[in-house]
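Q: Got a structure here, written out as structure tokens. Questions coming.
The values are calculated or read from the model by the stated rules, or taken from the named source; none is laboratory data. All values reported here derive from a predicted model rather than from experimental measurement. Positions of Cβ are generated from backbone atoms using ideal geometry, with glycine treated the same way; all protein chains shown enter the neighbour counts. For the accessible areas, the whole protein counts, side chains as well, though only heavy atoms, and no ligand, DNA or RNA atoms are used. Shrake-Rupley method; radii C 1.70, N 1.55, O 1.52, S 1.80 Å.
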Amino acid sequence: MSDAYRIVAIPGDGVGPEVVGAARRVVDAVAEAFGFAVAWSDVAAGGVAIDAHGVAIRPEDVERCRNADAVLLGAVGGPAWSDPSSSVRPEQALFALRGGLGLFANLRPVTVHPSLLGASPLRPELLDGVDLLIVRELTGGIYFGDRTEPAGEPGERSALDTMPYHEREVRRIVRLACDLARSRRGRVTQVDKANVLATSRLWRTVTDEVARDYPDVAVAHQLVDSCAMLLVRRPASFDVIVTENLFGDILSDEAAVLAGSLGMLPSASLGERRTAHGVFGLYEPIHGSAPDIAGQDRANPIGTILSAAMLLRMSLGREDAAAAIEAAVGRALDDGWRTMDLADAADAHDGLVVVGTTAMATAVIQRLAAPVGLAS
Ligand SMILES: NC(=O)c1ccc[n+]([C@@H]2O[C@H](COP(=O)([O-])OP(=O)(O)OC[C@H]3O[C@@H](n4cnc5c(N)ncnc54)[C@H](O)[C@@H]3O)[C@@H](O)[C@H]2O)c1
């Protein structure tokens with residue numbers, strides 16, 4: 001297995017082990033079909049790591065992630081570890097991984113599969129052609145700026161958050177957005193609040209400078225409030241959206257609603273480090289640990305399976321296997337296979353096969369086409 005791709009799996013808490021287990025089966029199946037090998041290793045993070053080691057993730061486990069080609073994560077957190085005043089909390093694992101591995105860009109693609117149009121709260125005609133990518137800055141801005149906690153006498157209390165950005169942080173993510181737009185529809189919308197915020201005006205200036213190097217990409221600026229409105233009124237008008245940490249956090253959750261279920265959407269967090277095969281990254285579904293359905297084989301694994309497809313494409317350079325997984329997911333949905341979340345949101349249940357996590361992964365595996373030339 002010396003030339004195998006090295007992937008660290010972090011199942012985490014709640015439904016994490018179920019959806020990561022499902023995605024691993026799909027990756028192993030596609031690897032066999034396409035003739036390559038994957039060497040998996042497991043890392044504990046989140047509540048399970050607090051129980052086992054007393055910390056959300058051990059430094060040596062962050063190192064194991066750093067030495068891999070990519071990381072596939074489920075979700076962390078749950079009621080057993082939810083005391084906000086505790087000094088050890090599951091989400092510390094996410095900050096340790098993002099910060100420790102230099103993952104400054106979070107990518108969330110949002111597409112709406114035609115057979116799921118009825119599952120979205122938006123009218124189907126608004127969703128026609130939705131294919132957008134949110135590129136969120138992940139390691140700067142107000143989440144990382146200096147802060148002063150609430151203090152003072154009642155009636156006089158105050159608190160302070162600060163939102164620092166350096167042009168280096170803006171430049172690298174706008175460049176990434178423009179590079180990604182080149183393999184899509186060639187349009188980038190940079191979102192800010194430049195009529196109020198100084199950091200937003202820095203973002204605009206640096207974005208315009210970067211845009212000069214990308215004459216083939218149409219770069220536009222948009223205020224975050226109008227962007228939030230257009231995401232539900234004309235979502236198909238967007239291609240790549242690039243924005244700072246706080247705005248990206250909010251807009252990416254808003255955009256996730258378009259797809260009908262939290263369980264459908266993948267994400268990638270990337271840094272600058274390249275591996276022998278692509279760019280190092282951490283891949284995870286956008287949903288949390290869903291403690292209400294954990295351990296019941298009810299979670300939708302598609303967000304994690306599509307995250308694994310992103311991993312194969314971006315970190316391992318296996319566009320062929322990634323595309324095969326995405327096509328197989330599409331076929332399973334076309335054939336009526338639905339997990340509970342999608343069935344609950346559907347207008348009609350005629351022709352639907354409502355299944356659990358394991359059976360949905362099996363349905364995807366059964367629809368993986370053999371690569372051209374190897375088909376029997
Ligand atoms: N990146 C992460 O690890 C991450 C992200 C968000 C929340 N969390 C943690 O997860 C825990 C639960 O958070 P929450 O309830 O706000 O969000 P959640 O995403 O876990 O769940 C919200 C709702 O969506 C449903 N849901 C989520 N994923 C699903 C799936 N794959 N299939 C079907 N239904 C699904 C859940 O059952 C629940 O009803 C908290 O401890 C939170 O801190 C972790």
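Q: Of the numbered conditions (1) open to solvent by less than 30 Å² (accessible area, probe 1.4 Å); (2) within 16 Å of the ligand (Cβ to nearest atom); (3) touching a residue at least 60 places away in the same chain (Cβ under 8 Å), L312 satisfies every one except a single condition; which is it?
A: (2)
Q: Test A4 against the criterion of being open to solvent by 70 Å² or more (accessible area, probe 1.4 Å) and among the aliphatic types (A, V, I, L, M), and give yes or no. Don't jump to the end; show me each part of the working.
A: On the way: open to solvent by 70 Å² or more (accessible area, probe 1.4 Å): no; among the aliphatic types (A, V, I, L, M): yes.
The answer is no for A4.
Q: I've got another one for you. Within the stretch 215-265, which residues are more than 19 Å from V188 (Cβ to Cβ), crowded, with 23+ Cβ neighbours inside 10 Å and touching a Lys or Arg at 6+ places or on another chain (Cβ under 8 Å)?
A: Within the stretch 215-265, just L265 meets the criteria.
Q: Within the stretch 125-137, can one find any residue that is assigned by TED's automatic domain parsing to the domain that holds L342 and farther than 21 Å from A309 by Cβ? Spell out the reasoning first.
A: Of the stretch 125-137, the ones assigned by TED's automatic domain parsing to the domain that holds L342 are none.
Among the residues of the stretch 125-137, not one is assigned by TED's automatic domain parsing to the domain that holds L342 and farther than 21 Å from A309 by Cβ, which makes the answer no.
Q: Still on this structure, please answer the following. I'd like to verify a number: residues in the stretch 250-295 that are in a helix (DSSP H, G or I) and within 11 Å of the ligand (Cβ to nearest atom), how many?
A: Qualifying residue count, the stretch 250-295: 8.
Q: Then there's this: At least 3 residues that are open to solvent by 20 Å² or more (accessible area, probe 1.4 Å) and under 21 Å from L231 (Cα atoms) in each: list the strands (runs of 3 or more DSSP E) lying fully within the stretch 80-172 that qualify.
A: On the way: elements: 105-111, 131-137, 147-151, 158-161.
Those strands (runs of 3 or more DSSP E) span 105-111.
Q: Output the residues belonging to the stretch 81-95 that are aliphatic (A, V, I, L, M) and more than 9 Å from the ligand (Cβ to nearest atom).
A: Going through the stretch 81-95, the residues aliphatic (A, V, I, L, M) turn out to be 88, 93-94.
Within the stretch 81-95, V88 is the sole residue that qualifies.
Q: I need the full set of residues from the stretch 208-243 which are touching a strand residue (DSSP E or B) at 6+ places or on another chain (Cβ under 8 Å) and polar (S, T, N, Q), in order please.
A: Answer for the stretch 208-243, where residues must be touching a strand residue (DSSP E or B) at 6+ places or on another chain (Cβ under 8 Å) and polar (S, T, N, Q): Q222, T243.
Q: Search the stretch 239-290 for residues being among the acidic types (D, E) and at pLDDT 95 or above, and hand back the single one that is nearest to G47 (Cα to Cα). Show your work before the answer.
A: Restricting attention to the stretch 239-290, the residues satisfying the condition of being among the acidic types (D, E) are 239, 244, 249, 253-254, 272, 284.
Next cut, at pLDDT 95 or above only: 239, 244, 284.
Values: D239: 37, E244: 29, E284: 17 Å.
Taking the candidates together, the pick is E284.
Q: So, of the residues in the stretch 275-289 that are within 14 Å of Y5 (Cα to Cα) and of a type outside the set (G, A, S), which turns out to be most open to solvent (accessible area, probe 1.4 Å)?
A: Going through the qualifying residues, I end up with H277.
Q: Considering only the stretch 30-46, I want to know if a residue exists there that is within 17 Å of D61 (Cβ to Cβ), assigned to a helix (DSSP H, G or I) and within 12 Å of the ligand (Cβ to nearest atom). Break it down stepwise before answering.
A: Going through the stretch 30-46, the residues within 17 Å of D61 (Cβ to Cβ) turn out to be 39-46.
Then keep just the ones that are assigned to a helix (DSSP H, G or I); that gives none.
There is no residue in the stretch 30-46 that is within 17 Å of D61 (Cβ to Cβ), assigned to a helix (DSSP H, G or I) and within 12 Å of the ligand (Cβ to nearest atom).
Q: So, in the stretch 1-22, exactly how many residues are without any contact (Cβ under 8 Å) to a residue 60 or more places away in the chain and either over 15 Å from A44 (Cα atoms) or among the β-branched types (V, I, T) (or both)?
A: Adding up the residues that qualify gives 4.
Q: Another question, then. Please work out if S82 is small (G, A, S) and either in contact with an Asp or Glu (Cβ under 7 Å, 6 or more places away or on another chain) or closer than 24 Å to A256 by Cβ (or both). Show your work before the answer.
A: Details: small (G, A, S): yes; either in contact with an Asp or Glu (Cβ under 7 Å, 6 or more places away or on another chain) or closer than 24 Å to A256 by Cβ (or both): yes.
Answer is yes for this residue.
Q: Take the conditions open to solvent by 50 Å² or more (accessible area, probe 1.4 Å) and outside any loop (DSSP other than H, G, I, E, B) and apply them to D344. Does it pass?
A: yes
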